[in-house]
Amino acid sequence: MKPTLARSIFAYIASVVIITAASIGFFSYHISSKKLSEQNEQHLKEIVSNAVNHTDLYLKLYERAHLSLFTNTDVKKFLDAPPQGDYEYYEFTNKLKVNVIDPLFIKSPEIMTVYLIDYNHNWVYYENPALKPIADRCLRLHWRSWIKRPMRREI
């Protein structure tokens, strides 16, 4: 059988259409995947920059909270020379809570706890009443082992 003119024209046109459609599909796929990759990279950069910005704001907030805590004269007095008697200790820590810690929790409600510990193992611990404490078993065990250490207080 000899190929007829109609068959050969049909084969040529079909091959041209198939090659054109395949090349359009191939190039449009690569161009769109490149654009999507660029868009994805731009979104990731934006996410990272937002995370960095939020982290910086969070750290600045904690820095301001620490500055207000460490520049207070009552805190310095507690860390330098804590009260000797039990009642004086209770009275001083209660004054510290009312005048320093409670305003700190009001200004910075995301702070969960405040620890003040000196080198002589005199310490105070305050929880933010507005937040639920962490229920981590490992943390509680570590805290209990630290509490069991004898406090060195000279009376």
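The values are calculated or read from the model by the stated rules, or taken from the named source; none is laboratory data. Keep in mind that what you see is a predicted model, and the values were worked out from it rather than measured. Cβ sites come from the backbone with ideal geometry, for glycine too, and all protein chains shown count toward neighbours.
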Discussion item. Looking at segment 75-88 only, could you name the residues that are modelled with pLDDT of 85 or more and either aromatic (F, W, Y) or surrounded by 14 or more Cβ atoms within 10 Å (Cβ to Cβ) (or both)?
Written reply: V75, Y87
Discussion item. Tell me the residue from E91, E63, E41 that is acidic (D, E), assigned by TED's automatic domain parsing to the domain that holds W123 and assigned to a helix (DSSP H, G or I), please.
Written reply: E91
Response to the item:
When restricted to P103, P83, the only residue in the same structural domain as N122 (by TED's automatic domain parsing), not in a helix (DSSP H, G or I) and not acidic (D, E) is P83
